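Contents: one structure, followed by commentary.
The values are calculated or read from the model by the stated rules, or taken from the named source; none is laboratory data. Because the structure is predicted, anything quoted here is derived from the model rather than measured. Cβ coordinates were reconstructed from backbone atoms using ideal geometry, including for glycine residues, and neighbour counts include every protein chain displayed. Note: accessible area is taken over every heavy atom of the protein model, side chains too, but ligands, DNA and RNA are not part of it. Shrake-Rupley method; radii C 1.70, N 1.55, O 1.52, S 1.80 Å.
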Amino acid sequence: MTSPVRPGTGTPRGRSVQVEPCPEGPVLVRGAEVVLDADGHEHEVTRPVVALCTCGRTQRDPWCDGTHKFVRD
Amino acid sequence: MAVVDHGYTCVAHRCKDPAVPHSLCWGAMRLPRPRGPLSALTATSLISAVGPSTDRFLVELDGLAPSCDVIVNDDFQLSLWMLYELHYRGFDDVDPELEWDPRVLACRRLLERRFEHELRFRTEAPAQKARKQAHQVQNQQPADTLAQQLGWLIEHMEGPRLAPYLQREATREEMLEFLAVRSVYHLKESDPHSFVLPRLDGGAKVALAELQYDEYGAGRVPRLHQTLYGDALEAAGLDRSYGAYVEHTPGSTLATSNVMSLLCLHQRHRGAALGHLAAFEATSSAPCRKIAAGIDRLGFPDAVAAYWREHVEADAVHEQVAIRDLCGRLVTDAPRLHDDVLFGAACCLYLDALAATHLLDGWQAGRRTPVGAGR
Ligand code: FES
């Protein structure tokens, strides 16, 4: 349930979005400006790297809030 | 540059003129009151600007009872804190030249040796057990082995239930005391780790810079985490000045801050510094959420919980970056630092648990340190 991400356009060469899945955890995304959640709502990216929840249990959708660690056990 | 006047008077720095706005003495503080012979010697020698003599330092060190636990000893930890603070913001009443005075450094070294020796002794057993976790998987990448071992440490060295207590049971006074004593670190949050950047290469350096950039507000001044903590203190009616609550802070909590200076100010400890950071970030998200809930339960203004809420999300990211990118890349490039990373992580977990136990035990025994609430 990774959300669509839109690349940032503010950088000189139009930078690419990097996606890095973490085993049993979230997906790290770098270089995005906006994240769209499952309902189509836009979430502004305000930090250099964000973690998107993949377990569906976060209370701060679409961001990972660390809950996945407790779900697994 | 315009100076922002927050409009309240400076208490922590004990300005000669108590009406001096905090902004006008920004960054400077005065030496705290000593808490025993060692910190008294440290303070007087720093003020007199001659620097302490190592002989007298050794006498005082040996004077601490042989059974003295330097990790929780107020006198010991406060002395070390004063000596480290010369490398951060310094003191109004101490000559800044002393930062690199060989006599000061020699005394600091004496304290650091005792501190490090004690930390090695206390973390040896869990670190050794963690190292054994690797042998079960063949051909594992060094980064994956490390992540597995760090995970084991975090799971097995978990501290007492401070966050759940703050969430459900703590009184207003206990929460204020918690916020006040934590300010010793959070008002210089991430600063120790900036010392580590020039000691790293390549991938680990990039990962640490990414973390630090976020901690330092990602280009937005109000989002500087240290400022967010100051805002939280102010909203709770506490003093946001740097060092305001050092005199209220128990040795065990000073130790949680001192260990970062110990690891981050020594090039040879760079692996341990990163291990410490990884353990710190990986044990932050869930407790921060509980602390925020406790702050809401007690009816504090929103700005108090805002700091902790920011860290639920930020540290969920930082945990991944710190374990995988930062420590993972470090041991891939420099496998010999593997055990140092585990040592640093174990130090973080051990000291955090000890400081939490001390606070909880104190409250249970009816020991409270009033920090003043509300101006
Ligand atoms: S992946 Fe972390 S909370 Fe869902």
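Shown for the range B:151-206: the carbon plus sulfur share of the solvent-accessible area, taken with all protein chains present and a 1.4 angstrom probe, equals 49%. With helices as the sole contributors, chain B gives -19000 deg cm²/dmol at 222 nm; each DSSP H run of n ≥ 4 counts as -39500 (n - 2.57), and the sum is divided by every residue. Shielding of peptide B:305-317 by partners, expressed as the average count of other chain Cβ atoms within 10 Å per residue Cβ, is 4.
Projecting label points 7 angstrom from Cα along Cα→Cβ for B:A303 and B:L265 puts them 3.2 nm apart.
The local environment of B:R114, defined by Cβ-Cβ distances under 13 Å, has a net charge of -2 under the rule Lys, Arg +1 and Asp, Glu -1. The residues packed around B:C288, meaning those with a beta-carbon under 12 Å from its beta-carbon, carry a net charge of -1 if Lys and Arg are +1 and Asp and Glu are -1. Counted without the sites themselves, the longest stretch of chain B free of GluC sites (Glu not before Pro) in a DSSP loop having at most 13 other beta carbon atoms within 10 Å is B:170-375. So if we plug the beta-carbon distance of B:R172 and A:R57 into 1/(1 + (r/R0)^6) with R0 = 22 Å, what FRET efficiency do we get, rounded to 0.05? Efficiency computed from Cβ-Cβ geometry: 0.10.
For the chain pair B and A, the buried solvent-accessible surface (1.4 Å probe, both sides summed) amounts to about 1800 Å².
For the segment B:217-224, counting C-beta atoms of other chains within 10 Å of every residue's C-beta and taking the mean gives 1. Centroid-to-centroid, using Cα positions, the range A:16-32 and the range B:201-248 are 25 Å apart. Take each residue of peptide A:47-54, count the partner chain Cβ atoms within 10 Å of its Cβ, and average: the result is 6. Distance check, please: which entries in B:K188/B:K290; A:K69/B:K188; B:K132/B:K290 exceed 27 angstrom between their Cα atoms? Pairs exceeding 27 Å: A:K69/B:K188; B:K132/B:K290. Here is what passes the span test in chain B: the DSSP H helices with alpha carbon length of 30 Å or more along the helix axis and a Kyte-Doolittle mean of 0.0 or above are B:338-364.
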